[in-house]
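Reviewing the structure listed below.
Taken together, the values in this text are just the output of simple stated rules run on the coordinates, not laboratory data. Note that the coordinates shown come from a computational prediction; the quantities given were computed from them, not determined experimentally. Heads up, the Cβs are rebuilt from the backbone with ideal geometry, glycines too, and the neighbour counts pull from every protein chain shown.
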Amino acid sequence: MMLEESLCEAVRTQQFMLHYQPQIRVSDGRLIGLEALLRWRHPSAGLIMPGVFIPLLEETGLIIEVSDWILEQACRQRHAWQNRLAPEVTVAINLTARQFADHRLVDYMAALLASIELPARCIELEVTESALIHDIEFSCQVIRDLRALGVRIAMDDFGTGYSSLAYLKQLEVDAIKMDRLFVANLQSSPRDQAIAYAIIELAHHLQLEVIAEGVETQEQFDLLAQMGCETIQGFLFSRPLPADELEKMPSEFR
Ligand code: G
Ligand code: G
Ligand code: MN
Ligand code: NA
């Protein structure tokens with residue numbers, strides 16, 4: 001109850017903020033994307049992570065308001081960085097299942113991009129498998145409509161859902177994000193190497209880009225690079241950071 005009340009307060013007084021985690025292109029080490037990750041700056045408890053409060057936002061229905069804010073905030077931030085980032089650098093935004101199922105999403109996205117005059121190619125939307133499979137035909141249509149706007153779509157947490165492969169057959173996404181479950185023990189586990197390699201090969205046969213998540217060591221990076229993975233995200237490069245801290249990074253952020 002306490003947390004729930006302060007959550008209402010947080011929405012009213014805008015205690016949320018976005019951090020951004022760099023995504024690095026393997027071929028040349030350049031910044032290619034920034035994933036927006038929600039944080040709650042609680043006045044007394046400090047920084048609270050989304051695993052704790054997103055379920056509560058969903059239960060209380062506050063998620064709708066906050067989700068709209070996230071989309072708008074991330075798009076505005078990308079626009080503010082327009083002169084500092086190469087044109088192909090995307091800001092990636094996580095969608096909840098509920099947001100994805102909301103019939104307003106495509107129109108909202110189109111209106112938002114138009115109102116801030118942001119090229120759609122600057123935005124990537126991350127959708128989890130579990131959000132997509134709820135109503136597969138509807139999902140296919142929403143993905144088609146979003147891509148028709150020019151927005152990129154990535155399937156998040158790839159490999160952790162069920163029947164991933166059956167759905168890949170139908171869902172026309174641009175990229176998959178290989179879950180960090182498959183990255184964590186890459187150095188020590190030939191089994192995990194085999195799975196990671198199979199995921200990358202599968203994705204490439206479908207002309208999908210692979211973004212590996214949770215890359216923490218150079219050994220993991222090297223293995224993934226050898227396997228042909230094109231994009232890497234993880235603590236090896238940077239943890240998620242506030243926009244102003246990112247801007248201070250001389251080499252990666254330019
Ligand atoms: O950011 P980590 O730093 O703790 O995030 C944990 C999880 O919370 C992520 O895997 C993601 O699924 C979810 N998450 C983080 N930020 C957002 C957001 O802006 N929107 C949604 N829907 N989920 C988010
Ligand atoms: O949306 P998604 O489930 O992909 O969220 C990414 C999550 O992974 C966030 O909680 C983020 O803070 C976390 N993360 C990002 N890089 C690393 C990493 O290198 N190691 C670990 N353990 N977690 C990471
Ligand atoms: Mn994500
Ligand atoms: Na993920």
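Charged side chains reduced to their Cβ positions (Lys and Arg at +1, Asp and Glu at -1) give the stretch 2-247 a dipole of some 340 debye around its Cα centre.
Defining a contact as two alpha carbons under 8 Å apart and six or more residues distant in sequence, what relative contact order in percent does the stretch 53-188 show?
RCO, the stretch 53-188: 20 percent.
Each listed q (0.16, 0.27, 0.28 Å⁻¹) maps to a log10 I(q)/I(0) for the stretch 170-219 from the Debye sum over equal C-alpha point scatterers, namely -0.45, -1.04, -1.08.
May I ask for the net charge around residue 68, where only other residues with Cβ less than 11 Å from the Cβ of residue 68 are counted and Lys, Arg are +1 while Asp, Glu are -1? Charge balance near residue 68 sits at -2. Neighbour counts of C-beta atoms inside 10 Å place 169, 177 in the sequence 169, 177, starting with the fewest. On a 0 to 90° scale, report how tilted helix 50-60 is relative to the longest principal axis of the chain, with both axes built from alpha carbons and the result rounded to the nearest 10. Taking the Cα atoms of the chain, the angle to 50-60 is about 50 degrees.
Taking a ≥ b ≥ c as the square roots of the eigenvalues of the alpha-carbon gyration tensor, the stretch 125-254 is classed oblate because a/c is 1.5 or more while a/b is no larger than b/c.
Calculate how steeply helix 105-116 sits against the longest principal axis of the alpha-carbon atoms of the chain, using the helix alpha-carbon long axis, and give the answer as 0 to 90 degrees to the nearest 10. That works out to roughly 80 degrees. The alpha carbons of the stretch 2-247 give a radius of gyration and a Dmax of 17.8, 50 Å, in that order.
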